[in-house]
Amino acid sequence: MKLWGGRFQKETDNLVNELNASIGFDQRLYREDITGSMAHAAMLADCGIISRADADAIINGLQGILEDAEAGKIEFTADNEDIHMNVEALLTARIGDAGKRLHTARSRNDQVALDFRMYVREQIPVITGQLLELETVLCRQARQYQTAVMPGYTHLQRAQPISFAQHLMAYAAMFRRDVTRLEDCAARLNECPLGSGALAGTTYPIDRWQTARELGFDAPMGNSLDGVSDRDYALELMSALSILMMHLSRFAEEVILWCSWEFKFIELDDAYATGSSIMPQKKNPDVAELVRGKTGRVYGDLMSLLTVMKGLPLAYNKDMQEDKEPVFDAIDTVEMCVPVFAAMIDTMKVLPENMRKAAGRGFINATDCADYLTKKGMPFRDAYTVTGRLVAACAAQGKTLEDLTLDELKAVSGLFEQDVYDALNLENCMALRKSYGGPAVAETARQIEAIEAFVQQIKDKG
Ligand code: ARG
């Protein structure tokens, strides 16, 4: 017989039970559910709503269920629909009538809102920790390649000289913002919905501040309808995770390009690559491809919950049971992707000589050539045109700008002197880009130090 058996004259249809049950996925919340119930029971006793003896029996009973669940000794059952009713039924089976008093002044609506919020709150530091490891890997790799010249690209066309270190640190800057986005989310979600009841609070003299404090929240949520109705914290988490996956996916795309024969800027470690069942020569970047591919499912998870929520009238609606699977999936996906991606970057072999070779072709010093003339007094727009003509001439003859003789250069502008060859030297072109955030060694060193300090600061806080 169902919990609500009092009101009903028929058993629920089996198909309805199947549709209705969420225990298959929400059993993951057993720890939060039990912790929340313990705090609730203690508060009920402190406020004189249940007896101390009942509260003690409830708390001890819940402690026993928690230990058995941790030990894998409990089989949750679809007969009890969800994790909340499973725990309550187990408790009542173990301790009798006291167990039936636990749900006083509470609803599954505020209960699930609490459990889910706590679950999201616990997962954020896990992901942040993984991102900090990735940052550490990026800093370590970047330190080794601060003078390694590579072509920087726009439109995937060779554009201007950068260092491999600067390229890596661009991603480090993105992941740093991902960490702060997650921290913002954690700070905003830390209000406690417990005590919102079904929607309209309760007539019992509960102390919402006590349970909020006990469960590590900054305060109880200020409106009981809001407390049971919104899932914005889950959406905020999945938005942050979608952006993080977008960053990882772009990086993955570059790793895929870089280890192709067309680039050969890196070679992946054997442990982080795969072979082909037919082509003996293949070494495939499956890790990077899967990270790129899994980005789609995290976006899908976000869209799925946004869509579930968009038409719901206040307060709780059963549609909201559909909030959990996308969030679990997004969290699981990210927690699987970030460490393996970090390990792949950590173990990859960098081939700076191939980067330097690629930098030598494609006229990535053309801007520097125009700048050279500009610094000698020619207006930049004219210098741009003169350099463009030189590039066209070189391209036709299969030459680089620095292959041209001083006489050939002087033929287009009398401003060219012997020192133009220093200005065109790629190492100089990179080293002289000392503007804040640029690829000059001192600048990338500053960026690396800033990320290292950030990692340390977050670790010290945790
Ligand atoms: N399993 C439900 C969920 O995940 C718990 C809340 C049920 N509330 C209700 N009024 N049916 O949303």
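The values are calculated or read from the model by the stated rules, or taken from the named source; none is laboratory data. Source: prediction; values computed, not measured. We place every Cβ from the backbone using ideal geometry, glycine too, and count neighbours over all the protein chains shown.
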What tally of residues in region 271-308 results from selecting those that are over 25 Å from MET174 (Cα atoms), charged (D, E, K, R) and in contact (Cβ under 8 Å) with a residue 12 or more places away in the chain? 1
Candidates TYR384, TYR316 - the one that is surrounded by 16 or more Cβ atoms within 10 Å (Cβ to Cβ) and within 16 Å of the ligand (Cβ to nearest atom): TYR316
Need the failing condition index for GLY222 against (1) closer than 30 Å to GLY197 by Cα; (2) part of a helix (DSSP H, G or I); (3) in contact with a strand residue (DSSP E or B) (Cβ under 8 Å, 6 or more places away or on another chain), just the number. (2)
Across region 69-85, which residue is farthest from the ligand (Cβ to nearest atom) among those that are surrounded by fewer than 23 Cβ atoms within 10 Å (Cβ to Cβ) and β-branched (Val, Ile, Thr)? ILE74
Does any residue of region 86-106 turn out to be under 30 Å from the mean Cα position of the chain (by Cα), within 12 Å of the ligand (Cβ to nearest atom) and not in a loop (DSSP other than H, G, I, E, B)? no
Within region 328-355, considering residues that are closer than 30 Å to LEU426 by Cβ and polar (S, T, N, Q), the one surrounded by the fewest Cβ atoms within 10 Å (Cβ to Cβ): THR347
Positions within region 19-65 being away from the ligand (no atom under 13 Å from the Cβ), surrounded by 18 or more Cβ atoms within 10 Å (Cβ to Cβ) and not in a helix (DSSP H, G or I), in sequence order: ILE49, ILE50
Does ILE127 satisfy the criteria of being over 30 Å from MET355 (Cβ atoms), crowded, with 16+ Cβ neighbours inside 10 Å, touching a residue at least 60 places away in the same chain (Cβ under 8 Å) and away from the ligand (no atom under 16 Å from the Cβ)? yes
Which ones in region 238-282 are under 25 Å from ALA358 (Cβ atoms), at pLDDT below 95 and touching a strand residue (DSSP E or B) at 6+ places or on another chain (Cβ under 8 Å)? ALA273
